[in-house]
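In what follows, a structure is listed as structure tokens, so that the remarks can point back to it.
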Amino acid sequence: MLPDRRRLDVAQVEAVGAYTLLVLRTDGHPVGRPGQFFMLQATPEPASAYLPRALSAAWADERELAFLLDVRGAGTTALAEAASVEVLGPLGNGFPAATGPAILVGGGIGAAILPWLVRTLPGPVTLVTEPLARLLPLEGTVYACGPDPMLQAVAALCAEHDTPCLLAMEAAMACGFGACYGCAVEIDGEWKRLCIEGPVVEAARVLA
């Protein structure tokens, strides 16, 4: 059976930390299962980015198909700015149906495919903070890197157990030396430039 190819309209584009959330209207087209991927190409695609991009969906249903973009080059920039996207898929092998409790492990852009999987699991899901909690308090330091919600959870857990914690944070950076203010994040209750204050920051400085 040939994979489905269609052009889908963009419903939403939103910055999510250092990444960009791209939501497409599915119009009832097949979306497959978590872990499968799609070939995405902005329409019209700029001449400098003529190859489609392979991306796994962050979530999907009968109305929406969502992707988390790490915008770096011409292709992903075109996707983030497109009004419609040509989509081929679903492709490849996804996660099989789970039958019991699950542990999900992911970080950074690799965690983008997990929200859809969580929606399909029948039992409880163990977050990274649960095994971490069993190791605290710690006579040492916790080092963490990953998506912002995970970092906030780790920071709060370490604060609860009076354990030092250092976070390697991410933000979109244009200049890298503080001139553009494009990487501003909340530190010490104020918006500060991550390229100057970080990217490694003491967890106590970023707790909301």
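The table below gives the values:
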| item | result |
| --- | --- |
| Count - residues of region 46-68 that are at pLDDT below 90 and of a type in the set (Lys, Arg) | 1 |
| Residue in region 23-62 that is surrounded by the fewest Cβ atoms within 10 Å (Cβ to Cβ), counting only those that are among the polar types (S, T, N, Q) and in a loop (DSSP other than H, G, I, E, B) | 48 |
| Whichever residue in region 65-89 is under 17 Å from the mean Cα position of the chain (by Cα) and hydroxyl-bearing (Ser, Thr, Tyr) and, among such residues, is most open to solvent (accessible area, probe 1.4 Å) | 77 |
| Residue that is nearest to residue 186 (Cα to Cα), among those in region 115-129 that are at pLDDT 75 or above and open to solvent by less than 50 Å² (accessible area, probe 1.4 Å) | 129 |
| Qualifying position, being under 23 Å from residue 111 (Cα atoms), free of Cβ contacts under 8 Å to residues at least 24 places away in the same chain and out of contact with any Lys or Arg (no Cβ under 6 Å at 6 or more places or on another chain), among 150, 173 | 173 |
| Region 166-190, subset of a type in the set (A, V, I, L, M) and under 17 Å from residue 204 (Cα atoms), residue most open to solvent (accessible area, probe 1.4 Å) | 166 |
| Scan of region 130-158 for residues that are exposed (fewer than 14 other Cβ atoms within 10 Å of the Cβ) and modelled with pLDDT under 85, ordered by number | 130, 149 |
| Residue check for residue 13: touching a helix residue (DSSP H, G or I) at 6+ places or on another chain (Cβ under 7 Å), open to solvent by 50 Å² or more (accessible area, probe 1.4 Å) and assigned to a strand (DSSP E or B) | yes |
| Pairs with Cβ under 8 Å, 6+ apart, first in region 90-114 and closer than 14 Å to residue 38 by Cα and open to solvent by 30 Å² or more (accessible area, probe 1.4 Å), second part of a loop (DSSP other than H, G, I, E, B) and among the acidic types (Asp, Glu) | 90/4 |
| Boolean, residue 204 is in a helix (DSSP H, G or I) and surrounded by fewer than 17 Cβ atoms within 10 Å (Cβ to Cβ) | yes |
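The values are calculated or read from the model by the stated rules, or taken from the named source; none is laboratory data. In this text the structure is predicted, and so the values were computed from the model without any measurement. Backbone-built Cβ (ideal geometry, glycine too); neighbour counts: all protein chains shown. For accessibility, only protein heavy atoms count, side chains too; no ligands or nucleic acids. Shrake-Rupley method; radii C 1.70, N 1.55, O 1.52, S 1.80 Å.
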